[in-house]
Amino acid sequence: MSARISIVKCSNYESAKVQQAIRDALGLLGGIANFVKPNSRVLVKPNLLMSKAPECGITTHPEVVRAVIRILKEINCKVIVGDGPSVWGQYIENVDEVYAVTGIKKVCQDEDVRLVNFDKRRMRDKFPLTAVLDECDHLVSLPKFKTHELTLITGAIKNLFGLVSGTYKTELHKNYFAPSEFAKVLVDIYQEAKPDLTIIDGILAMEGDGPATSGIPRELGLLLCGADCVALDTVVAKIMGVKQEVLTTKEASLRNLGQAQLDKIKIEGEGISKLNIRPFILPKNSVKLTSLPPVITKIFKSLVRYYPYSLRLKCTRCGHCVKVCPKQCIRLKKSGIQINYRQCIACFCCQEACPAAAIGVKKSLLAKLIGL
Ligand code: SF4
Ligand code: SF4
């Protein structure tokens, strides 16, 4: 199976320049209609990891999002924009803050498209993914070109982690924090929600201890475009100068989900060898939780925990939470509900379904102490 992607240069985020560059990148692959049907509903998912301004190089730049919205509107698509940032606590308020600070809220207002919170979810495979996927015919993913301390690169496959509901992301990080295990989770999500089109924002990239504030922004001046996330990540790693295996790419390739062999990827536009890019500074091999002995890991997993709890005075005993719980671990009692914590996977579908706001979220002491 061969793959085709395109690479174009774009030196800065001037609006007209970004739009032209993305049009060029798509044109090299036959145009937007090769990926997305005209008149369809499209979820556009940027990487909005946290509340940081676009100049920090952590989040997908709003001008990239604007360009994609405009191109989709030209073929009469109905566009919805959203992401599930890595935030905790007052989930909805924090997401709104992320949208404002990253500039995505303004772009969506300017372009008159719906900006949504991923607060409704549906169990797909073993993950609670945003229910917005059900409303849409296509998914267009807009990752950032960054290094990542756990997965080495943040590219096409990793961006899809944001489709998981906010609270459950932490559960996955906790339960699968060995890089090889976490890579499998990311590929499971890719398998479940494969984007029809991915455009990677590498105009301002990130090197060093990415993907957040410990990384170093780096001007790269590139946009990468294609449908095959495995091929795109293979090319991202090559441009970065990564010599090690990228575990997500390896896992996805083993499952035949895309092309990981560089010589079988046809690159339109800028050829990698002619770009002459200095290798990226890769994340340091700092001592991480991932290198702890299994016994410590097990203790850690059991002590870092988020869990739902019943606010009995508010509970009307309507039973909605009982019906939606994927593990069937809620029982209706005379005094309210009882949760079997041995079975609970902390997906928080119950909290979402409760019409009376009678389910709260508690963190374990260790989760609070280490700032999760
Ligand atoms: S009780 Fe059920 S629905 Fe609620 S968080 Fe646990 S597993 Fe999910
Ligand atoms: S959905 Fe809410 S109000 Fe209804 S039984 Fe469950 S906790 Fe109580």
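Miscellaneous remarks
- Annotation: of all residues in the range 320-349 being within 6 Å of ligand 1 (Cβ to nearest atom) and either aromatic (F, W, Y) or modelled with pLDDT of 90 or more (or both), the one that is nearest to the chain's Cα centre (by Cα) is F348.
- For the range 289-308, the candidate set comprises residues that are in contact with a helix residue (DSSP H, G or I) (Cβ under 7 Å, 6 or more places away or on another chain) and part of a strand (DSSP E or B); within that set, the residue that is modelled with the lowest pLDDT is Y306.
- Sub-6 Å Cβ pairs linking a first residue in the range 127-143 that is farther than 18 Å from V95 by Cα to a second residue that is modelled with pLDDT under 95 and of a type in the set (A, V, I, L, M, F, W, C), at least 6 apart or interchain, are F127/V164, ordered by first then second residue.
- Hey, P46 assigned by TED's automatic domain parsing to the domain that holds S165 and closer than 26 Å to I272 by Cβ or not: yes
- Taken together, D209, D110, D119 contain a single residue that is under 20 Å from Q244 (Cα atoms) and of a type in the set (D, E), which is D209.
- Every test in (1) in contact with a Phe, Trp or Tyr (Cβ under 7 Å, 6 or more places away or on another chain); (2) surrounded by fewer than 17 Cβ atoms within 10 Å (Cβ to Cβ) is passed by V164 save one, and that test is (2).
- Screening P195 with (1) of a type outside the set (A, V, I, L, M); (2) modelled with pLDDT of 95 or more; (3) farther than 19 Å from I5 by Cβ; (4) in contact with a strand residue (DSSP E or B) (Cβ under 6 Å, 6 or more places away or on another chain) gives one miss only, at (3).
- Qualifying positions in the range 334-349 - surrounded by 14 or more Cβ atoms within 10 Å (Cβ to Cβ) and either among the aromatic types (F, W, Y) or within 10 Å of ligand 2 (Cβ to nearest atom) (or both): G336, I337, I339, F348
- Checking V164, V101, V81, V132 one by one, the residue that is touching a helix residue (DSSP H, G or I) at 6+ places or on another chain (Cβ under 7 Å), under 29 Å from S15 (Cβ atoms) and not charged (D, E, K, R) is V81 and no other.
- Annotation note: Cβ proximity below 8 Å between a residue of the range 10-28 that is in the same structural domain as V107 (by TED's automatic domain parsing) and a residue that is surrounded by fewer than 14 Cβ atoms within 10 Å (Cβ to Cβ) and not in a helix (DSSP H, G or I) (sequence gap 6+ or interchain) occurs for K17/S11.
- Check on H173, closer than 30 Å to P326 by Cβ, surrounded by fewer than 22 Cβ atoms within 10 Å (Cβ to Cβ) and in contact with a strand residue (DSSP E or B) (Cβ under 8 Å, 6 or more places away or on another chain): no
- Members of the range 145-168 that are over 10 Å from the mean Cα position of the chain (by Cα), not small (G, A, S) and not in a loop (DSSP other than H, G, I, E, B): F145, K146, T147, H148, L152, I153, T167, Y168
- A count restricted to the range 34-88 and to residues that are among the charged types (D, E, K, R), within 21 Å of K169 (Cβ to Cβ) and assigned to a strand (DSSP E or B) stands at 2.
- Pairing each residue of the range 317-337 that is under 18 Å from K126 (Cα atoms) with any residue that is more than 8 Å from ligand 2 (Cβ to nearest atom) and of a type outside the set (D, E, K, R), provided the two are 6+ apart or on different chains, yields C-beta distances under 6 Å for V324/C349; P326/M123; K327/Q343; K327/I345; C329/N340; C329/Q343; C329/C344.
- Residue count for the range 309-333, restricted to those that are more than 9 Å from ligand 2 (Cβ to nearest atom), in a strand (DSSP E or B) and out of contact with any Lys or Arg (no Cβ under 6 Å at 6 or more places or on another chain): 2
- Scanning the range 350-365 for residues that are at pLDDT 75 or above and part of a helix (DSSP H, G or I), we see that the one that is farthest from ligand 2 (Cβ to nearest atom) is Q351.
The values are calculated or read from the model by the stated rules, or taken from the named source; none is laboratory data. If you're wondering where the values come from, they're calculated on a predicted model, not measured in any experiment. Cβ coordinates were reconstructed from backbone atoms using ideal geometry, including for glycine residues, and neighbour counts include every protein chain displayed.
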